[in-house]
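Novice: One structure coming up, written as structure tokens, with questions to follow.
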Amino acid sequence: MMLALLLAITGAVFNATTGEVQPNATVTLYRLSREAGLESVESVKSGPGGRFEIRQEIAGPRLLQTAWDGVTYNHMLPPGASTADLRLEVFNASRDSGAAAVSQHMMLFELSKGDLQVSDTYVFQNSGKITWNDPASGALKFFLPPGARDATVNATAPQGMPIRRAPEKTAAANVHMVDFPIKPGETRIDVTYSLAFGPGSTFEGRRLFPGKGPTRLIAPAGVTLKGDLVESLGQEPRTQATIYDVKGSPFRVTIEGSGMLRPPAGPESGAPEISEIMPRLYGSIDGSASTLDKMWAAKWVLVLLFGILTLGFLLLYRAQSAEVRTSGRGQS
């Protein structure tokens, strides 16, 4: 009896929207393995007081998934972690976007040998306590240029792993949607595709997402962008990538040159490679770790680039403002 209690996974489901415990939520235990990926072991319902108990002896990494109001929430159980009195958090869901919106939109253009690789990243922020979930209309609509091929969509929930999603066609030409719940916190949706692209060809993009988050275009060293609605913000010093601001939609840019984005630090620098920090389990589940590691490494570089550049221009603005104030005092 004592051994069974020691092996049990126990805890309670807590609804962060209502601030109360949540009965009747479904809690499922998964075994994670390189061979089988996610394997369901047992499902239970939370009882009065939100309490649940699963008695299973499983070695290795495990995942608890809690389903409530049409949305699932993951809780990792690393080997050796405590399995007693766990707190599993869920939220109520709504088809109304509420406090969820795109806070950052970034597009990376990599051009090589007549092939344009586009990495289109949307960062959602949900500052509320309700999950936005609208399966009929999707959380994101995006424009896929005619001739685009090998389009893939990966979505990452707050503190989650990348999950593959299929882009769904809409009634509008070349407009696709992504059905993925936007939970409180930060969610990333990454769209990648390629285009046949000759020298000096024009790329057309559109902003179709909710929110007023800025759109930034990133061109690696060797690639230049020109367009009426785009403005260069400068170069990121470590990668030499140029960042452009988009002033309207739709926008068209002429893309010239050749170049691919490279991580700013290599093994010889003593700094950890960015690919080393990406979730390794995704490769075992999806089956294509080598390609995806590179893709996700690039996305983390883009997020870092945006933060670094924003900070740099903020400091520059403050410095210029200080100079103006000093000059004004000197003239008075």
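Novice: Where a ≥ b ≥ c are the square roots of the eigenvalues of the C-alpha gyration tensor, would you call the stretch 2-90 rounded, which needs a/c under 1.5, or, failing that, prolate if a/b is larger than b/c, or oblate?
Specialist: Working: a/c = 2.05, a/b = 1.38, b/c = 1.48.
Oblate, since a/c reaches 1.5 and b/c is not below a/b.
Novice: Put a dot 7 Å past each Cα toward the Cβ at Ser43 and Ala173; how far apart are the dots in nm?
Specialist: That separation, rounded to one decimal, is 4.3 nm.
Novice: Only Lys, Arg, Asp and Glu count, each charged at its Cβ (+1, +1, -1, -1), so figure out the dipole size of the stretch 170-230 about its Cα centre, rounded to 20 debye.
Specialist: The dipole of the stretch 170-230 has a size of about 160 debye.
All of the numbers you see were taken from the coordinates with simple rules; none came from a lab. These numbers come from a predicted model, not from an experiment. Methodologically, a virtual Cβ is constructed for each residue, glycine included, from the backbone with ideal geometry; neighbour enumeration extends over all protein chains shown.
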